[in-house]
1. Listed residues ASP588, ASP612, ASP552; which is more than 23 Å from CYS495 (Cβ to Cβ), among the acidic types (Asp, Glu) and outside any helix (DSSP H, G or I)?
2. Looking at ASP466, ASP470, ASP458, which is the one that is in contact (Cβ under 8 Å) with a residue 24 or more places away in the chain, acidic (Asp, Glu), surrounded by fewer than 18 Cβ atoms within 10 Å (Cβ to Cβ) and touching a Ser or Thr at 6+ places or on another chain (Cβ under 9 Å)?
3. Out of (1) in contact (Cβ under 8 Å) with a residue 12 or more places away in the chain; (2) in contact with a strand residue (DSSP E or B) (Cβ under 7 Å, 6 or more places away or on another chain); (3) open to solvent by 80 Å² or more (accessible area, probe 1.4 Å), what's the single condition that is false for MET152?
4. Run ARG513 past the list (1) among the basic types (Lys, Arg); (2) outside any loop (DSSP other than H, G, I, E, B); (3) at pLDDT below 90 and report the number of the one that doesn't hold.
5. Only residues that are assigned to a helix (DSSP H, G or I) and either modelled with pLDDT under 90 or crowded, with 21+ Cβ neighbours inside 10 Å (or both): list them for region 482-502, please.
6. What are the pairs with Cβ atoms under 7 angstrom where one residue, in region 535-554, is of a type in the set (Asp, Glu) and the other, located anywhere, is outside any helix (DSSP H, G or I) and crowded, with 17+ Cβ neighbours inside 10 Å? Sequence gap at least six, or different chains.
7. Show the residue pairs meeting these rules: Cβ distance below 6 Å; 6+ apart or different chains; first residue within region 430-442 and farther than 15 Å from PRO547 by Cβ; second residue outside any loop (DSSP other than H, G, I, E, B) and open to solvent by 30 Å² or more (accessible area, probe 1.4 Å).
8. Specify which of the listed residues (VAL111, VAL142) is within 16 Å of LEU169 (Cβ to Cβ) and open to solvent by less than 30 Å² (accessible area, probe 1.4 Å).
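The values are calculated or read from the model by the stated rules, or taken from the named source; none is laboratory data. Remember, it's a predicted structure, so these values are computed and weren't measured experimentally. Note that each Cβ is placed from the backbone with ideal geometry, even for glycine, and that neighbours are counted across all protein chains shown. For the accessible areas, the whole protein counts, side chains as well, though only heavy atoms, and no ligand, DNA or RNA atoms are used. Shrake-Rupley method; radii C 1.70, N 1.55, O 1.52, S 1.80 Å.
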Amino acid sequence: MVLGGVGSLWLVTGEKDEPKLVLEDLEELPDVSLPMVSSLSSTIRASSEFELPATVEAFSTPGRRKTTNFVTVARILAGYSARNITFEEVVLRLREGRLDIPSKEIIAIEVAPGEWLTDQFVRLPSGSYGLSASTDPRSLFVKSIENKPDSMRLSSGLLVFLSEPRWSLATEKDVRPEKEVIESAERWLDRSKLAVEKRPADGDLIDLLRNHVAMTVNEDEKADISAAARLLAKRQSILDVLPQILAREPAFQERVREFEVAETERLKEGLRSKVEAEIQAEKARLGELRLEIVEAETRLALAGKRELLLRNETEKHDEVMKARIAEAASQLQGSAVAQGDHLRRELDELRDLVLQMPSHPPSVVLAPRAEMPEPERPVDDRANAPAEVVEPKADEDARKNIVAGLAAATGLTQASLIAILLKSTEEVPLLLGERASGTAADIVAAIGGDDSAVAFCDPSRISWQDLTLDETSGLSAALARAKANPDILVPIAICGITNGPCEYWLPQFVESRRIGRLPRNLAIIASAGVDGSRVSVPDSVLRFLMPVEVPDSAKPVRRLFAGSWPAELDTNRANLADAIDVLSQSQDFENSALQRAAKTLSRLPQGAAMADVAKPLVQQAKWLASISADGQYEFKNRFKNIEG
């Protein structure tokens with residue numbers, strides 16, 4: 001198998017013997033016997049890299065034939081980099097046409113360290129390499145390898161490129177030995193001296209030298225001048241003295257001045273164009289800003305008009321609602337007065353019947369008659385109703401000051417305290433920590449004053465009735481006060497709910513308050529025990545709680561009570577949409593839970609930040625979701641497996 005002839009290089013992969021393709025019938029093969037050649041003159045000389053027989057006659061001996069397959073076969077390129085001779089010797093042999101390279105196809109020859117000749121050489125009929133016929137060694141174009149191709153260097157000087165090299169742009173180079181260049185320069189110096197000796201007394205040396213060069217110098221000598229100039233340019237001593245020589249030449253100084261003027265004008269023009277471009281860009285940006293300002297002013301005007309229309313509609317709606325409320329109140333008052341008059345008439349008739357009865361009734365034994373209860377007087381019978389006790393009310397500024405004072409003393413944020421108060425009339429906020437009981441008592445005392453109730457749980461109190469029978473707690477009085485004053489908030493504190501079985505009374509309290517069996521204005525704030533004998537709380541009861549961690553740095557609260565707080569229990573429709581928008585940004589709410597939390601958040605006091613108050617409600621939603629999921633919820637060690 002011959003691939004491109006002797007001297008070509010190939011890269012093959014996936015070599016595999018194929019026994020199925022071996023020729024079995026050897027008799028049908030053509031006769032490949034070689035002519036008789038003397039064994040003295042037929043010794044094969046091949047590279048040691050190939051395993052070939054030593055003589056030609058060895059090819060005629062029987063052998064084992066086989067077939068080999070290759071997956072890929074690719075022709076590879078090679079260059080020549082001499083190893084046993086210098087680069088000057090390589091250039092000399094190229095100029096003389098006797099550079100021997102053991103390969104037919106060479107893409108580059110290294111003529112200097114890192115500099116390769118790629119196109120100005122040919123393979124001569126003799127098998128050696130030399131420069132092209134029209135190539136001058138004083139002006140060869142050399143290239144360098146910019147990348148690092150995979151290569152393999154052989155002992156013969158061949159450099160096999162396993163990957164394709166990337167060549168740089170060609171640069172002109174004089175590859176002659178430095179000695180030859182210096183000799184050429186010296187010949188020119190001798191010629192210059194001869195011209196100086198023969199110049200006339202009034203003649204110009206430069207003009208004389210130019211005329212002499214024009215009449216006597218051929219193309220080869222001009223090339224020598226260029227080569228000598230390039231060589232002298234590498235000498236630092238000459239480069240240092242050139243500025244002094246040029247400084248004495250008026251023509252050169254004039255050209256330098258012209259160049260400076262032209263360069264100054266060019267720089268000025270560049271700066272001028274750059275400034276103009278920046279001015280145009282800033283003008284365009286200013287125009288865009290003006291358009292945005294006009295658009296914003298238009299939107300602001302539309303918003304003002306919409307606000308005015310909305311305010312007018314709101315005022316109309318308020319007037320209609322006030323009229324309807326007044327009408328309903330008058331109807332209720334009229335109905336109550338009519339009912340009272342009817343009861344009075346019936347009572348008068350009953351009295352008349354009693355007066356008409358005989359004074360001495362017959363002696364007949366009658367069964368005892370149940371005493372007729374006195375009819376209840378209507379609420380609107382103000383003439384006979386007892387005088388209502390008017391309690392002082394805490395205004396909005398006083399309530400803000402109380403919340404700020406509680407936050408400073410307990411370490412809780414004002415938003416957390418507002419969320420606790422909002423949840424205290426719906427569910428049960430539960431304070432956790434060593435300072436939890438004292439903090440709960442301080443909060444209810446700041447809101448309810450001396451009429452606030454504080455009860456402590458123990459294993460003997462397992463129902464709501466057991467808690468109300470404790471005279472020292474004040475729960476019974478607080479319950480009566482909440483019934484008598486539905487418009488004020490009556491707070492109670494239940495401390496240490498894990499000290500006893502709270503599942504027997506806590507759900508009863510929450511559900512009874514929800515359906516109206518207990519006053520809705522009865523606000524409860526609870527705390528959990530931290531040590532001692534405690535009772536686990538079932539998951540069904542944990543759903544009624546909103547746990548809040550109290551910092552250990554909490555301090556006792558000074559007396560902050562400034563009057564009763566109003567019981568704002570109804571949903572604020574004006575804030576409901578904003579509350580839904582704030583809470584819907586969290587992914588922890590289901591649809592029904594989102595509605596309930598939004599109604600709670602809509603009741604926040606004026607001036608409070610809705611986003612901050614919403615954070616404790618979001619934490620409670622996460623708490624409820626973790627209880628429903630896998631039971632691995634926060635504060636689990638406070639409510640589970642805590643007996644003893």
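1. Values: ASP612 fails: outside any helix (DSSP H, G or I); ASP552 fails: more than 23 Å from CYS495 (Cβ to Cβ).
Every option except ASP588 fails the conditions.
2. Details: ASP470 fails: in contact (Cβ under 8 Å) with a residue 24 or more places away in the chain; ASP458 fails: touching a Ser or Thr at 6+ places or on another chain (Cβ under 9 Å).
None of the other options fit; the residue is ASP466.
3. Result: MET152 passes all but (1).
4. With (1) among the basic types (Lys, Arg); (2) outside any loop (DSSP other than H, G, I, E, B); (3) at pLDDT below 90 applied to ARG513, the lone miss is (3).
5. Residues of region 482-502 that are assigned to a helix (DSSP H, G or I), as a first pass: 482-484, 497-499, 502.
Across region 482-502, the qualifying residues are ALA482, ILE497, THR498, ASN499, CYS502.
6. GLU549/LEU432; GLU549/GLY433; ASP552/GLY433; ASP552/ARG435
7. Close Cβ pairs satisfying both conditions: ALA441/VAL454.
8. Values: VAL111 fails: within 16 Å of LEU169 (Cβ to Cβ).
None of the others qualify; the one that does is VAL142.
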